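Asker: Structure in structure tokens, see below.
The values are calculated or read from the model by the stated rules, or taken from the named source; none is laboratory data. Computed from a predicted structure; not experimentally measured. Here the Cβ positions follow ideal geometry from the backbone for every residue, glycine too, while neighbour counts run over all protein chains shown. Side chains are part of the model used for accessible areas, which takes the heavy atoms of the whole protein and leaves out ligands, DNA and RNA. Shrake-Rupley method; radii C 1.70, N 1.55, O 1.52, S 1.80 Å.
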Amino acid sequence: FFEPLFYLLSIRIGLSALVGDVETGGRLVPYDQFVAPGLMAASAMNGAVFDSTMNVFFKIKIAKTYDAVLATPMSAADVAVGEISFAVIRGALYSTAFMMTMWVLCMVQSPWIVLSVPACVLIGFAFAAMGMALTTYMRSWEDFEYVPALTLPLFLFSATFYPLSQYGEWAWAVQFSPLYHGVELVRAANLGVWDASIIAHVGVLVVLTFGGCVIASRRLERLLLT
């Protein structure tokens, strides 16, 4: 939560005045108000990813929590859904706190901002599912070096700080970032501007959520029941 918040405050205090207004959603907005929804989406990503990776790895490899859980009528799929849901709750709490911070700082532009929280819940689901699926392939704590190696580029290059048009010929590559689709959803909620592209953004995150859940449950079953 605090990392995106500090980014937001630093941009609000200094950088926003240097950059000026940015065109997004067919209107000009101050740079800090352009960046704020992106940082809110990143906050949801951070909360979900870090809860669904290190926490899950500890329970699999060290505490052997899931071995005990699977001795009950619960299945590997139940474990996966439960852990992912808990990570989503954490991401949702971060996002709600961030939305309230935006409101206090007068960065909210539309009453539709309330929909940014469900959007962040979807972001959290997608990243928690992918994070847990990735964790099932990790062999030691050293493998967690890959987590920031993946999330940091997503944080920096998902239209979080610049409009998609500023990426030039690399704009197509940005659209492969899961966080980009989340940023667009939260930004649309803040502006109150909706178009058909919202369906595509939601669709990408739903597919990633479903795929991550399936992989995580199957991998857990293989690791713990064989």
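Asker: Would you look at the GNM of the chain, springs on alpha carbons closer than 10 Å, and say which of Ser95, Ser197, Ser177 moves the most?
Answerer: Of the options given, Ser197 has the highest mean-square fluctuation.
Asker: What ranking, highest mean first, results for peptides 199-211, 45-57 when packing means the other Cβ atoms within 10 Å averaged over each residue? If you can, show how the numbers build up before the last one.
Answerer: On the way: 199-211: 15.7, 45-57: 23.8.
Most protected by this proxy first, the peptides run 45-57, 199-211.
Asker: So, one more: Run the quick spin-label model on Ile199 and Leu15: label points 7 Å from Cα toward the beta carbon, then report their separation in nm to one decimal.
Answerer: Those two pseudo-labels are separated by 3.5 nm.
Asker: In addition: Taking N as the number of residues in the range 96-226, what is its alpha-carbon radius of gyration divided by 2.2 N^0.38 Å? Please list the in-between numbers first.
Answerer: Working: Rg = 16.7 Å, N = 131, 2.2 N^0.38 = 14.0 Å.
Here the Cα radius of gyration is 1.19 times the empirical estimate.
Asker: Probe of 1.4 angstrom, ligands and nucleic acids ignored: what's the accessible area per residue over the chain, in square angstrom?
Answerer: Ligands and nucleic acids excluded, the figure is 49 Å² per residue.
Asker: Can you quote the Å³ per residue value for the convex hull of the Cα atoms in the range 49-130, rounded to an integer?
Answerer: Enclosed volume per residue, from the Cα hull, is 94 Å³.
Asker: Could you state the angle between the C-alpha long axis of helix 76-104 and the longest principal axis of the C-alpha atoms of the chain, as a value from 0 to 90 degrees rounded to the nearest 10?
Answerer: 20
Asker: Using alpha carbon coordinates only, what is the Rg to Rh ratio of the chain, with Rh defined as the Kirkwood radius?
Answerer: 1.01
Asker: What number comes out for the charge environment of Ile198, summing +1 per Lys or Arg and -1 per Asp or Glu over other residues with Cβ under 15 Å away?
Answerer: -1
Asker: Can I ask one more? Please compute the modelled spin-label separation between Met54 and Asp67, points set 7 Å along Cα→Cβ, answer in nm with one decimal.
Answerer: So the two model labels end up 2.4 nm from each other.
Asker: Let me ask something else. Order these peptides, 100-111, 182-193, by their mean beta-carbon neighbour count within 10 angstrom, highest first.
Answerer: Averaged packing, sorted descending, gives the order 182-193, 100-111.
Asker: Over the chain, what percent of the accessible surface lies on carbon and sulfur atoms, probe 1.4 Å?
Answerer: Carbon and sulfur together cover 69 percent of it.
Asker: If a/c stays under 1.5 just call it rounded; otherwise compare a/b with b/c (prolate if a/b is bigger, oblate if not). Do that for the range 158-206, with a ≥ b ≥ c from the square roots of the Cα gyration tensor eigenvalues.
Answerer: oblate
Asker: Classify the range 80-168: rounded, prolate or oblate, from the alpha-carbon gyration tensor (a ≥ b ≥ c, eigenvalue square roots; a/c under 1.5 rounded; otherwise prolate if a/b is larger than b/c)?
Answerer: Oblate, since a/c reaches 1.5 and b/c is not below a/b.
Asker: What does the charge count near Met102 come to, summing +1 for each Lys or Arg and -1 for each Asp or Glu among other residues with Cβ under 14 Å from its Cβ? Don't skip to the answer; put the middle values down first.
Answerer: Numbers: positive: Arg12, Arg187; negative: Asp32.
Net charge around Met102: +1.
Asker: Tell me, what HN-Hα J-couplings in whole Hz come from the Karplus equation 6.51 cos²θ - 1.76 cosθ + 1.60 at θ = phi - 60° for each residue of the range 150-160, using x for Gly and Pro?
Answerer: Working through the residues one at a time gives 8, 6, 5, x, 4, 4, 7, 10, 10, 6, 6 Hz.
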